[in-house]
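Chemist: Here's a structure for you.
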């Protein structure tokens with residue numbers, strides 16, 4: 001995709017696309033699909049069947065890959081990330097790709113720059129609760145659930161339910177599931 005196309009799509013997305021109505025409004029699927037195509041035009045890779053709600057901040061689009069049938073709710077900030085299929089991001093989720101350097105006490109933190117960008121990996125069938133924060137480079141396993149308001153600072157195993165600041169495992173989804181009765 002060429003630079004001009006990405007620039008035009010970025011301008012349209014930021015000026016109009018983020019303000020289009022929600023997908024659950026009458027005719028809203030059209031708006032969700034318009035946002036999806038604008039993000040693709042920005043260089044994002046987005047699978048079919050995704051619901052993209054208003055006010056999603058993707059930073060530099062080419063660093064984002066989203067699988068099929070994902071739900072990305074309003075006010076989500078995603079940077080360098082790869083999302084699997086059937087991922088649900090609740091409103092206000094933040095997924096960072098770098099953070100500030102702060103090692104030296106002799107130099108103000110604001111002048112120390114930031115770390116290199118790293119990709120956050122989210123497996124298939126993951127639910128990330130409202131206002132959760134996922135720190136740079138974290139891998140979230142398939143089927144995991146991240147409770148609302150959690151701050152994920154380390155990798156999450158498949159099918160783990162995590163909560164808290166920092167996020168800690170509270171349960172495994174495979175226990176007490178319908179699968180256990182069969």
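Since every read-out is calculated from the coordinates, none of them should be taken as a lab result. What you see is a predicted model, and the numbers here were worked out from it, not measured in a lab. Positions of Cβ are generated from backbone atoms using ideal geometry, with glycine treated the same way; all protein chains shown enter the neighbour counts.
Chemist: Under 10 Å, Cα contacts only: if you run a Gaussian network model on the chain, which one of 133, 146, 170 comes out with the highest mean-square fluctuation?
Modeler: Residue with maximal mean-square fluctuation among 133, 146, 170: 170.
Chemist: If I stretch the segment between residue 172 and residue 111 completely, what's the gain in nm (0.36 nm per residue apart, minus their alpha carbon distance), one decimal?
Modeler: Extending this stretch completely gives an extra 17.7 nm.
Chemist: Tell me, what is the FRET efficiency for residue 154 and residue 40 to the nearest 0.05, using R0 = 35 angstrom and their Cβ-Cβ distance as r?
Modeler: My answer for the efficiency is 0.65.
Chemist: Any chance you could list the semi-axes, whole Å, largest first, of the equivalent ellipsoid that the Cα gyration tensor gives for the chain, using √(5λ)?
Modeler: 27, 25, 13
Chemist: Using Cα pairs under 8 angstrom and six or more residues apart, how large is the relative contact order of the chain, in percent?
Modeler: Details: 471 pairs, mean separation 21.3, N = 182.
Taking the mean separation of contacting Cα pairs over the length of the chain, I get 12 percent.
Chemist: Identify which of 132, 114, 15 has the largest mean-square fluctuation in a Gaussian network model of the chain, with springs joining Cα atoms closer than 10 Å.
Modeler: Sorting by GNM fluctuation, first place goes to 114.
Chemist: Now, a different point. Using helices alone, I'd like the mean residue ellipticity at 222 nm for the chain: each DSSP H run of four-plus residues gives -39500 (n - 2.57), total over residue count, nearest 500.
Modeler: On the way: 3 runs with 31 residues, N = 182.
Dividing the helical sum by the residues of the chain leaves -5000 deg cm²/dmol.
Chemist: Please compute the modelled spin-label separation between residue 147 and residue 18, points set 7 Å along Cα→Cβ, answer in nm with one decimal.
Modeler: It is 3.2 nm.
Chemist: What translational D, rounded to a whole number of µm²/s, comes out for segment 30-71 from Stokes-Einstein when the hydrodynamic radius is the Kirkwood one over Cα pairs, at 10 °C and 1.306 mPa s?
Modeler: Approximately 158 µm²/s, per Stokes-Einstein.
Chemist: Let me ask something additional. Top mean-square fluctuation among 83, 96, 111, Gaussian network model of the chain, C-alpha springs under 10 Å?
Modeler: Among 83, 96, 111, the largest GNM mean-square fluctuation belongs to 111.
Chemist: State the extension gain, in nm to one decimal, for the chain segment bounded by residue 30 and residue 5, taking 0.36 nm per residue of separation less the distance between their alpha-carbons.
Modeler: 6.9 nm
Chemist: Could I ask something else about it? Quick one: check the C-alpha center-to-center distance for segment 94-149 versus segment 9-66, whole angstrom.
Modeler: 22
Chemist: Restricted to Cα positions, what overall size does segment 94-170 have along the principal axes? Three whole-Å values, descending.
Modeler: Cα spread of segment 94-170 along its principal axes, largest to smallest: 43, 21, 18 Å.
Chemist: May I have the extent of the alpha carbons of segment 94-136 along their three principal axes, as whole Å values ordered from largest to smallest?
Modeler: 45, 19, 11
Chemist: A further question follows. So what does the Cα-only Debye profile of segment 1-72 read at q = 0.23, 0.27 Å⁻¹, as log10 I(q)/I(0), no solvent term?
Modeler: Values, matching the q order: -0.98, -1.29.
Chemist: Next question. Evaluate the relative contact order of segment 61-145 (contact order divided by residue number), counting alpha-carbon pairs under 8 angstrom at least 6 apart; express in whole percent.
Modeler: Numbers: 215 pairs, mean separation 24.5, N = 85.
RCO, segment 61-145: 29 percent.
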